[in-house]
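*Asks:* Dumping the structure here so I can ask a few things about it.
The values are calculated or read from the model by the stated rules, or taken from the named source; none is laboratory data. Values in this document were obtained by computation on a predicted structure and should not be read as measured data. Virtual Cβ from ideal backbone geometry, glycine too; neighbours counted across all protein chains shown.
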Amino acid sequence: MTVKAPASGGASGSPRRITISTVMEFTDCGADVEAEAPPAGQVADVTDQAARQGRKQS
């Protein structure tokens, strides 16, 4: 997943690019499931958090 961080008002003014690696393990492939989207109160946009973490690692 690649996230483009918003410009932070720095000298260059251009957005910084960070890359996040996610490992997913899939099991029970082919099994029947009944899934529903979670309520809006149980999800979050973590783009800003990921961008801040990327800045700490730079």
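*Asks:* Restricting the search to segment 1-25, which residues are within 12 Å of the chain's Cα centre (by Cα), modelled with pLDDT of 70 or more and loosely packed, with under 10 Cβ neighbours inside 10 Å?
*Replies:* T19, S21, T22
*Asks:* Say we look at segment 26-44 and pick out the residues that are modelled with pLDDT of 90 or more and either of a type in the set (D, E, K, R) or surrounded by 10 or more Cβ atoms within 10 Å (Cβ to Cβ) (or both); which of these is farthest from the chain's Cα centre (by Cα)?
*Replies:* Taking the candidates together, the pick is D32.
*Asks:* A further question follows. Considering only residues that are among the small types (G, A, S) and either at pLDDT below 80 or loosely packed, with under 11 Cβ neighbours inside 10 Å (or both), which ones fall in segment 45-58?
*Replies:* Passing the criteria: G54, S58.
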